[in-house]
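The values are calculated or read from the model by the stated rules, or taken from the named source; none is laboratory data. Everything numeric in this text was worked out from a predicted model, so none of it was measured. With ideal geometry, Cβ positions are generated from the backbone for all residues, glycine too; neighbour counts draw on all protein chains shown.
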Amino acid sequence: MGAGGVPNHGIKRTDARNLNINGDPNSKIQRFKNGRIVQERWYDEKGRAIRNRDYRL
């Protein structure tokens, strides 16, 4: 991941109910509900979840 937690390999978006514990290496995924962001998850160089951010609706 780059400086400030910026993913090197893109940001994915999903409407899934849950985010996977593993993802693409050095990436971030955003989960949406009713068109609003509710959660973000960052993955390390091995694709393991290293950080989560939850938002209130």
Could you look through region 25-57, keep only residues that are touching a residue at least 12 places away in the same chain (Cβ under 8 Å) and at positive phi, and pick out the one that is farthest from the chain's Cα centre (by Cα)? Asn34
Looking at Asn22, is it over 8 Å from the mean Cα position of the chain (by Cα), at pLDDT below 95 and of a type outside the set (Lys, Arg)? no
